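Asker: I have a structure here, written as structure tokens, and I will follow up with some questions on it.
What follows draws every value from the coordinates through simple rules; no lab data is involved. The model shown is predicted, which means the values in this text are computed figures rather than measured ones. Neighbour counts run over all protein chains shown; Cβ positions are idealised from the backbone, glycine included.
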Amino acid sequence: MEIHPHGMPLFKAAGVSFDGRQERLQKLYNQNPWRKLLTQKTHYNGEPALAIWDAASGWQLGWVPKDLVQTYYKNNGEFDGEIVVGGDFCGLRVYSHEQPSQKLYRLVKQICQEKQVPLPPYCRLAYKKALRGLLPPRP
């Protein structure tokens, strides 16, 4: 498996523009762009494939790109996803799942409680991005 620097997506999901997925992605983006993703082994045209599902909604959001299926097929997995919106198109970036450190968790939790906003999904990148948005700008 390839090694990716922290914060770099493993890949962009394929098949995000079919079967109403753009509307689904937009709806989920409006709730929270960070998603817990699960993969499901399946077959497409007689070849191994991996479908990508949103854990909270149960919706299929796309596919692992065909050229990467063998890389991820062995370990049905949990990933972190970020829905990105540009113009009329929504996309899905897929990251390795990493939990936030206890220090980061406590800090974001404290700030969220003070500002009375919900915690982001339990994902290191979501916590880091939330922290940037929760702290006041530097003078």
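Asker: Here are some pairs, 27/109; 74/103; 36/129; 41/129; which of them have Cα atoms lying more than 21 Å apart in this structure? Could the numbers behind the result be given before it?
Answerer: Values: 27/109 25 Å; 74/103 33 Å; 36/129 16 Å; 41/129 31 Å.
Violating the 21 Å limit, Cα to Cα: 27/109; 74/103; 41/129.
Asker: Which whole-number percent gives the relative contact order of segment 51-139, counting Cα pairs below 8 Å spaced six or more residues apart?
Answerer: This gives 17 percent for segment 51-139.
Asker: Okay, moving on. With Cβ to Cβ distances under 15 Å as the rule, what net charge do the other residues near residue 102 carry (K, R +1; D, E -1)?
Answerer: Numbers: positive: 103, 106, 109, 124, 128; negative: 98.
With Lys, Arg at +1 and Asp, Glu at -1, the neighbours total +4.
Asker: With θ taken as phi - 60° and the coefficients 6.51, -1.76 and 1.60, list the Karplus ³J(HN,Hα) couplings across segment 107-117 in order, rounded to whole Hz; mark glycine and proline as x.
Answerer: Using θ = phi - 60°, the values come out as 5, 5, 4, 4, 5, 4, 5, 4, 8, 6, 10 Hz.
Asker: Okay, next question. Let me have the relative contact order for segment 1-94, percent, based on Cα pairs under 8 Å that are six or more residues apart. Walk me through the intermediate numbers first.
Answerer: Numbers: 163 pairs, mean separation 34.0, N = 94.
The normalised contact order for segment 1-94 reaches 36 percent.
Asker: Sticking with this one: Report, to the nearest 10°, how far helix 21-31 tilts away from the longest principal axis of the Cα atoms in the chain, using its own Cα long axis and a range of 0 to 90°.
Answerer: Compared with the principal axis, the helix lies near 20 degrees.
Asker: Right, here's the next one. Report the gain in length on full extension from residue 85 to residue 107: 0.36 nm times residue separation, minus Cα-Cα distance, nm rounded to one decimal.
Answerer: Details: separation 22, 0.36 × 22 = 7.92 nm, distance 2.81 nm.
Computed gain between residue 85 and residue 107 is 5.1 nm.
Asker: How far is it, in nm, from the label point at residue 73 to the one at residue 114 when both lie 7 Å from their Cα along the line to the Cβ?
Answerer: So the label points at residue 73 and residue 114 sit 5.1 nm apart.
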